[in-house]
1. Answer yes or no as to whether Gly26 is part of a helix (DSSP H, G or I), modelled with pLDDT under 95 and of a type outside the set (A, V, I, L, M, F, W, C).
2. Among the residues of segment 44-85 satisfying the criterion of being surrounded by 19 or more Cβ atoms within 10 Å (Cβ to Cβ) and small (Gly, Ala, Ser), which is modelled with the lowest pLDDT?
3. Might you let me know whether segment 102-109 holds any residue that is among the hydroxyl-bearing types (Ser, Thr, Tyr), in the same structural domain as Ala130 (by TED's automatic domain parsing) and within 25 Å of the chain's Cα centre (by Cα)?
4. If you go through segment 270-280, how many residues are out of contact with any helix residue (DSSP H, G or I) (no Cβ under 9 Å at 6 or more places or on another chain) and either over 25 Å from Arg301 (Cβ atoms) or surrounded by 16 or more Cβ atoms within 10 Å (Cβ to Cβ) (or both)?
5. Checking the conditions here, which among Arg160, Arg198 is closer than 24 Å to Asn338 by Cβ and either modelled with pLDDT under 95 or out of contact with any strand residue (DSSP E or B) (no Cβ under 6 Å at 6 or more places or on another chain) (or both)?
6. Restricting attention to segment 244-282, report how many residues are in a strand (DSSP E or B) and either within 22 Å of the chain's Cα centre (by Cα) or of a type outside the set (Lys, Arg) (or both).
7. From the set of residues in segment 364-390 that are of a type in the set (Val, Ile, Thr) and surrounded by fewer than 23 Cβ atoms within 10 Å (Cβ to Cβ), which is farthest from Leu46 (Cα to Cα)?
8. Hey, among the residues in segment 312-363 that are in contact with a strand residue (DSSP E or B) (Cβ under 6 Å, 6 or more places away or on another chain) and assigned to a loop (DSSP other than H, G, I, E, B), which one's surrounded by the most Cβ atoms within 10 Å (Cβ to Cβ)?
Amino acid sequence: MSELASGSSGRRPLRIVMNGVTGRMGYRQHLLRSVLAIRDDGGLLLSDGTRVPVEPVLVGRSAARVGEIADRHGVERWTTDLDEALADPTAQVYFDAQVTSAREKAITAAIAAGKHVYTEKPLAESLEGALTLARLAEQAGVRCGVVADKVYLPGLVKLRRLLEGGFFGRVLSVRGEFGYWVFEGDWQAAQRPSWNYRSADGGGIVMDMFCHWSYVLESLFGPVRAVTARAVTHVPERVDEQGERYTATADDAAYGIFELPDGVVAQINSSWCVRVFRDELVEFQVDGTEGSAVAGLRECRVQHRATTPMPVWNPDLPVTEPFREQWQRVPDNAELGNGFRVQWEQFLRHVLEGGAHPHDFLAGARGVQLAELGLRSSAEGRRFEVPEVRA
């Protein structure tokens, strides 16, 4: 049964309908480490120094799972009926962390109910669907946002600081490595749900990660002008959560070249079939005329022009240069919190206070567009220019 009784607080909370919180990301990053953390810290801090309490309303298909999460974390309102939750006039915001195939219908219903919408990416399964949602939100006058967590993470915050400070001189190139080995599910359980590897269920690393690379590259270096990509399925068979073998029909690795403004070229490898020999699960190396940096989710290291060593290629002698030791760690110089929570706070302040929000539905549509063009590039073996997206 569902529970949508009124909360006990005398103050009017900012009520957020959260759909899909039984999934890994929806629960850990969005509910536990973001919305509940804001709640437990006394509410959302506004620009005038006041706080507004936040109150999640949990939505999911399984009453047992949603109810258990609600009980565990002291959440009073939960339901298995999305329409019921959206009909509540006291709920102002809808959040979606469902599988991609269910997202467009739910967001459309939320917009029709007059809710502001914040959603995981990809925004929709197609560019056409994403643009439709952008138009609906604009026509309804609701505020909208798409998760862009990586630019709020400490490593990329430090990288942005270097860019804004002119550290690199003229940026030349970006090299990105992302991914790890996802077990096939037979002798060790897979770390990701099986739907990720079935194209019919919205799986595929291109649709997943190119949406990320779209906003990361755009936020730091400018919009992607052209893309060349190769998407592959390295592991053709996996084992699902019930122990049944299935054919992996979605791409599990992608190798992309992204052309950016001012001649900057980005090369990013994305793979669920790579064993990690890096300091972090994602790293970006930026090379410029005056210096270079390597940024991960948390750390960032630099090497300035003045301290760049002079390696000499000699395959007849062992390498003696301690290359990793020749880089300097960039200090935090500020309290850099969880990137998901930081963006949640930014979006909720956008809802309550207005002002610009960079990661809106059009930004989400650009991510879907880049993924679509990446898949076309792979299928047709050619480079695609990226046209401007308009609602």
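1. Working: part of a helix (DSSP H, G or I): yes; modelled with pLDDT under 95: yes; of a type outside the set (A, V, I, L, M, F, W, C): yes.
Yes; evaluated as a whole, the condition is true for this residue.
2. Gly60
3. Yes.
4. Residues meeting the conditions: 2.
5. Working: Arg198 fails: closer than 24 Å to Asn338 by Cβ.
Result of the check over Arg160, Arg198: Arg160.
6. 17
7. Start the filter on segment 364-390 by keeping residues that are of a type in the set (Val, Ile, Thr), which leaves 368, 386, 389.
Filter again for surrounded by fewer than 23 Cβ atoms within 10 Å (Cβ to Cβ), leaving 386, 389.
Working: Val386: 38, Val389: 32 Å.
Residue satisfying both the conditions and the ranking: Val386.
8. His359
The values are calculated or read from the model by the stated rules, or taken from the named source; none is laboratory data. Owing to the predicted nature of the structure, the values given are computational and were not obtained by experimental measurement. So basically every Cβ, Gly included, is an ideal-geometry build from the backbone, and we count neighbours across all protein chains shown.
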